[in-house]
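Scroll down for the structure; my scribbles are underneath it.
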Amino acid sequence: MSRMRIALPLAVALLAGCSILPKAEQPSIYTLPAAPGGRPAAPQPVPWALRITAPNAPRALDNARIAVVPDSNVITVYASARWSDSAPHLFRDRLADAFRDTGRVTALSTDDSNLAADLELGGNLAAFQTEYASGKPEVVVRYDATLSSTRKHQIVASRRFEVREPVDGKEVPQVVQAFGRAMDKVSADVTAWTFASAPPL
């Protein structure tokens, strides 16, 4: 009986000790920064409705981790850092914001809402990562865009867009800022191409 009386307080003390162990470090959550959008003084609205879909992406990119490629055969992630959403959804939402900033698309939706549209912009996100070229990091965004007619069920145009943006340092916040600059450039290119490629209704 005396052994039981000693063992019970000892077990309770051991369990209590578990609660003072250091907790796992919480990851920092990053949004995709954007430069302030400038709208034309008198934008000419387009006659078509546009739906933007989240691009397909390889499994290594289809998540909220911030990917880095230290060499050509290895893809890893930054520890204790996450995007606020998966990379394909961040990409889609940034494109949607870019079209809104033009003031020209008055009927704009994404695949979250599943609304009817005349044109659909989708594609594949082939790269959304940091790569090291000669030891210097750069953000690489590569998007294979497809613009299709939902009425005729056919592809209107397709094109690859790629931006390589140098990183001003090697820390995660500097990497995130480079992602923002790269997406500003990709978004500007994709919106201009879409307006030029859209067929008359």
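Couple of notes before you dig in:
- Of the residues screened, Leu115 is one that is aliphatic (A, V, I, L, M) and either over 22 Å from Leu90 (Cβ atoms) or part of a loop (DSSP other than H, G, I, E, B) (or both).
- Per the listing Phe128, Phe161, the residue uniquely part of a strand (DSSP E or B), surrounded by 15 or more Cβ atoms within 10 Å (Cβ to Cβ) and touching a residue at least 60 places away in the same chain (Cβ under 8 Å) is Phe128.
- Ala116 vs. criteria surrounded by fewer than 18 Cβ atoms within 10 Å (Cβ to Cβ), in contact (Cβ under 8 Å) with a residue 40 or more places away in the chain and either of a type in the set (D, E, K, R) or farther than 18 Å from Gln177 by Cβ (or both): yes
- Where Ala96 falls short, out of the listed (1) under 15 Å from the mean Cα position of the chain (by Cα); (2) in a loop (DSSP other than H, G, I, E, B); (3) not acidic (Asp, Glu): (2)
- Selection status of Arg94, out of contact with any Phe, Trp or Tyr (no Cβ under 8 Å at 6 or more places or on another chain) and free of Cβ contacts under 8 Å to residues at least 24 places away in the same chain: no
- Output for segment 107-129, where each listed residue is over 22 Å from Pro58 (Cα atoms), of a type outside the set (Asp, Glu) and at pLDDT 95 or above: Ala107, Leu108, Ser109, Ala117, Leu119
- Residue in segment 133-145 that is under 23 Å from Pro200 (Cβ atoms) and modelled with pLDDT of 95 or more present: yes
- Looking across segment 63-88, the residues that are polar (S, T, N, Q) and farther than 17 Å from Arg142 by Cα come down to Asn73, Thr76, Ser80, Ser84.
- Looking across segment 99-112 at every residue that is among the charged types (D, E, K, R) and assigned to a helix (DSSP H, G or I), the one that is surrounded by the fewest Cβ atoms within 10 Å (Cβ to Cβ) is identified as Arg100.
- Asp168 exposed (fewer than 15 other Cβ atoms within 10 Å of the Cβ), modelled with pLDDT of 95 or more and within 22 Å of Ala34 (Cβ to Cβ): yes
- Tyr78, sole failed condition from (1) touching a residue at least 40 places away in the same chain (Cβ under 8 Å); (2) assigned to a loop (DSSP other than H, G, I, E, B); (3) surrounded by fewer than 19 Cβ atoms within 10 Å (Cβ to Cβ); (4) touching a helix residue (DSSP H, G or I) at 6+ places or on another chain (Cβ under 7 Å): (2)
The values are calculated or read from the model by the stated rules, or taken from the named source; none is laboratory data. Bear in mind that the values here come from a model prediction, so they are computed numbers and not experimental data. Please note: Cβ atoms are built from the backbone with ideal geometry, for glycine as well, and neighbour counts cover all protein chains shown.
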